[in-house]
Amino acid sequence: MNVNVFTIEKSSDKSLDIIANEYTKMISRFAKVEEIKIFNKHIASAQMIGAKEAKASYTKAYEPFLKGYNVALDVQGESLSSEQFSTIFNQDITVNFFYWRCFWL
């Protein structure tokens, strides 16, 4: 089982990195977890223009990674119980989570 967490961000919050590392350690018994941070010039310039352009640049940046079972994390998305959430991991050997901190879906 592989779990990839894709983020779009310029830099990391060190306190969040510490928490993420702790969860990664706990999960590592069950799956290989990797965090992939993406940020490029196209995203930076799109963010300066506006939310619509930023969202389009995020989609373009994520497209090469859309393999396996993909989950877009969104504050307005569907809420799942723990049991429902756990079924995601039964569907594919690779599960990708995508989120960004600037502009939401």
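Looking across the range 9-21, the residues that are of a type outside the set (Val, Ile, Thr) and surrounded by 10 or more Cβ atoms within 10 Å (Cβ to Cβ) come down to Glu9, Lys10, Ser12, Asp13, Leu16, Asp17, Ala20, Asn21. Each residue in the range 40-57 was checked for being modelled with pLDDT under 90 and in contact with a strand residue (DSSP E or B) (Cβ under 8 Å, 6 or more places away or on another chain), and 0 pass. Scanning the range 22-59 for residues that are among the polar types (S, T, N, Q) and either surrounded by 13 or more Cβ atoms within 10 Å (Cβ to Cβ) or within 17 Å of Ala72 (Cβ to Cβ) (or both) returns Thr24, Gln47, Ser57, Thr59. Screening Ala72 with (1) loosely packed, with under 11 Cβ neighbours inside 10 Å; (2) within 17 Å of the chain's Cα centre (by Cα) gives one miss only, at (1). Restricted to the range 1-87, the set of helices (runs of 4 or more DSSP H) holding at least 1 residues that are of a type in the set (Asp, Glu) and over 13 Å from Phe98 (Cα atoms) comprises 14-27, 51-62, 82-87. Of the residues making up the range 37-57, those that are within 11 Å of Glu9 (Cβ to Cβ) and among the hydrophobic types (A, V, I, L, M, F, W, C) number 3. For the range 20-35, enumerate the residues that are in contact with a strand residue (DSSP E or B) (Cβ under 6 Å, 6 or more places away or on another chain) and either at pLDDT below 90 or charged (D, E, K, R) (or both). Those that are in contact with a strand residue (DSSP E or B) (Cβ under 6 Å, 6 or more places away or on another chain) and either at pLDDT below 90 or charged (D, E, K, R) (or both): Thr24, Ile27, Ala31, Lys32, Glu34, Glu35.
The values are calculated or read from the model by the stated rules, or taken from the named source; none is laboratory data. Everything numeric here is computed off the predicted structure, so don't read it as measured data. Every residue, glycine as well, gets a Cβ built from its backbone with ideal geometry; the counts of neighbours run over all protein chains shown.
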